[in-house]
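Comments concern the structure below.
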Amino acid sequence: MMENENYLQQSEGMHLGETSDISLSASADNDTHQAVVEMNNDPEVVVIAEGTTEIAPNEYKERVNLKEVRLPKSLEKIGKRAFYGCQNLTVVVFGGNEKVIEDEAFANCRALRKIELPDSLEEIGYGAIENFELGGTIALTNLKKLGARNFNISSSLKFEVGPNLEDIGMSSFNCVTKINVSSDNKKFKLRDGLLLDRLGTRLLFCERDMTDMVLIPATVTKIDDYAFYNCRKIKGVTIPDAVTEIPGYAFSGCEALTEVFLPGKLEKIARFAFYRCKALTEINIPGTVKKIESYAFGSCQGLKEVKVSDVCETRGAFESTVVVVPVPADQLTFSSHSSAATFMSSGSAAVRSSSTPFRTESAAAYKASVSSYSSALGSNNNLANQKRDEINDRRMEQKRQEQMRVKEERQNAQEELNARMREEFMEKKDALMQKVAFIKDELRRTSGVNVLKKNKLNNQLYECTIQAIDLNGKYGTYIDESEKIEIDD
């Protein structure tokens with residue numbers, strides 16, 4: 001603060017006509033915040049003075065001329081929407097000690113694509129860094145809270161859930177491809193590519209490179225928005241019985257998805273839940289589902305027909321898919337609205353967009369035509385459980401094969417090591433025995449009167465004996481007993 005006061009005194013003490021590179025900015029709607037001292041008057045570049053600890057909410061909101069911001073080492077907090085809508089901002093240089101970036105601090109900064117976040121961060125607010133292209137790995141070890149809707153356009157980002165992270169908002173990892181959880185983290189865990197809370201009841205994220213069938217743990221009761229967004233390689237998913245809602249965009253963009261086992265107690269499928277699941281050709285909607293929101297199955301070109309109960313609202317949920325509703329023909333009434341047609345049956349309604357293809361059947365015809373479908377709905381849980389058993393069996397077999405492969409690789413590696421170490425031993429043994437033979441030959445040729453030379457040769461022979469003992473000990477596990485070095489006196 002002393003440094004700020006000095007800047008203020010300098011600014012107040014200037015005479016008219018003098019120029020200065022120092023300007024004072026303060027948020028008009030919140031005078032409790034510290035005044036921000038800028039080191040220049042350039043409308044395109046803001047260099048905030050050292051000593052500033054906080055940037056107030058809306059401080060630089062919608063400064064369309066702003067292109068570059070340089071923050072001081074003293075800064076700890078960037079307020080809500082502080083740089084919101086600075087559409088020409090391209091460079092932000094952090095001081096390195098920031099702890100908090102509040103909600104939407106850099107939202108709608110369309111030109112700002114790359115940014116290096118300081119490891120000092122403890123809290124990132126809602127949508128604070130939503131639209132940045134952050135490559136490589138983000139490992140913020142001090143981060144405690146990550147708000148919703150961050151990391152939304154990064155295409156190849158890996159994220160490390162650090163030991164201190166306690167709160168993760170929904171749809172925070174839309175474009176993260178890989179994730180890892182610190183073993184010291186007490187709130188979250190990673191299981192088979194799925195990010196779960198520690199209790200296993202909330203599913204936050206699925207790694208984008210997951211393939212084949214995904215088995216969601218039976219403990220899960222809630223799936224986050226965007227949890228499987230753009231998992232383009234998964235082919236099937238089983239959803240546990242305790243889940244009652246498929247949230248928005250949950251499986252959007254899963255282009256290879258062909259099998260979905262919905263839980264028997266499901267009540268709602270939210271907007272865009274299965275949008276662009278192009279390979280999906282069939283899905284059984286449980287009779288418990290009361291609402292399917294707009295575009296839930298939009299752009300699912302392979303899904304030609306789906307049957308729903310007469311109490312299920314499906315306004316705008318389907319595009320080219322034919323929706324079959326069990327409405328008795330003799331009780332059918334029609335009423336036209338601006339954007340929907342309502343089919344009434346015994347006081348229940350199925351509402352859908354007027355652009356959605358549909359057909360109705362009499363009770364008898366419907367019962368006959370969907371007997372197998374009804375059976376499938378009734379045994380949906382059994383199908384899901386059967387699929388889970390199949391997946392578990394397959395995983396156990398894969399695990400067994402993997403263990404055998406690892407065992408074989410270790411055995412081969414050990415054999416290679418044994419051969420290499422034995423070869424190394426034999427080379428050293430040959431060299432040592434040649435040296436011993438030379439010393440013994442010299443001893444035989446040395447006359448008895450040359451005592452000094454004989455003592456020297458005997459010492460060398462003793463050293464060879466010690467070396468032989470060391471080699472036998474070092475390579476003992478790689479050689480046979482008969483191959484050990486023996487030096488006669």
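Couple of notes before you dig in:
- Qualifying residues in segment 50-91 (those that are farther than 16 Å from residue 123 by Cβ and among the polar types (S, T, N, Q)) - the one surrounded by the most Cβ atoms within 10 Å (Cβ to Cβ): 52
- From the list 192, 167, the lone residue that is touching a helix residue (DSSP H, G or I) at 6+ places or on another chain (Cβ under 9 Å) and either modelled with pLDDT of 85 or more or under 21 Å from residue 104 (Cα atoms) (or both) is 192.
- Checked against (1) without any contact (Cβ under 8 Å) to a residue 60 or more places away in the chain; (2) surrounded by fewer than 22 Cβ atoms within 10 Å (Cβ to Cβ), residue 168 passes all but condition (2).
- Hey, residue 106 out of contact with any Cys (no Cβ under 9 Å at 6 or more places or on another chain) and either among the charged types (D, E, K, R) or surrounded by 21 or more Cβ atoms within 10 Å (Cβ to Cβ) (or both) or not: no
- Residue that is modelled with the lowest pLDDT, among those in segment 134-150 that are crowded, with 22+ Cβ neighbours inside 10 Å and in a loop (DSSP other than H, G, I, E, B): 134
- Residue 157 being buried (at least 16 other Cβ atoms within 10 Å of the Cβ), modelled with pLDDT of 95 or more and of a type outside the set (Asp, Glu): no
- Selection of segment 278-297 for residues being over 19 Å from residue 237 (Cα atoms) and either small (Gly, Ala, Ser) or touching a Phe, Trp or Tyr at 6+ places or on another chain (Cβ under 7 Å) (or both) yields 287, 294, 295.
Results for (1) free of Cβ contacts under 8 Å to residues at least 12 places away in the same chain; (2) touching a Gly at 6+ places or on another chain (Cβ under 9 Å); (3) among the aromatic types (Phe, Trp, Tyr); (4) over 13 Å from residue 428 (Cβ atoms), shown as yes or no for each residue.
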{"residue": "442", "(1), (2), (3), (4)": "no, no, no, yes"}
{"residue": "466", "(1), (2), (3), (4)": "yes, no, no, yes"}
{"residue": "472", "(1), (2), (3), (4)": "no, no, no, no"}
{"residue": "480", "(1), (2), (3), (4)": "yes, no, no, yes"}
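- Residues of segment 238-256 satisfying the condition of being of a type outside the set (D, E, K, R) and assigned to a strand (DSSP E or B): 238, 246
So that you can scan it fast, the table gives a plain yes or no per residue for (1) under 13 Å from residue 118 (Cα atoms); (2) of a type outside the set (A, V, I, L, M, F, W, C); (3) touching a Pro at 6+ places or on another chain (Cβ under 8 Å):
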| residue | (1), (2), (3) |
| --- | --- |
| 48 | no, no, yes |
| 58 | no, yes, no |
| 61 | no, yes, no |
| 77 | yes, yes, no |
| 86 | no, no, no |
| 101 | yes, no, no |
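- When we screen 77, 67 for residues that are under 19 Å from residue 143 (Cβ atoms) and basic (Lys, Arg), the only hit is 77.
The values are calculated or read from the model by the stated rules, or taken from the named source; none is laboratory data. These numbers were taken from a predicted model, which means no experiment stands behind them. For neighbour counting, all protein chains shown are included, and Cβ atoms are generated from backbone atoms with ideal geometry for every residue, glycine included.
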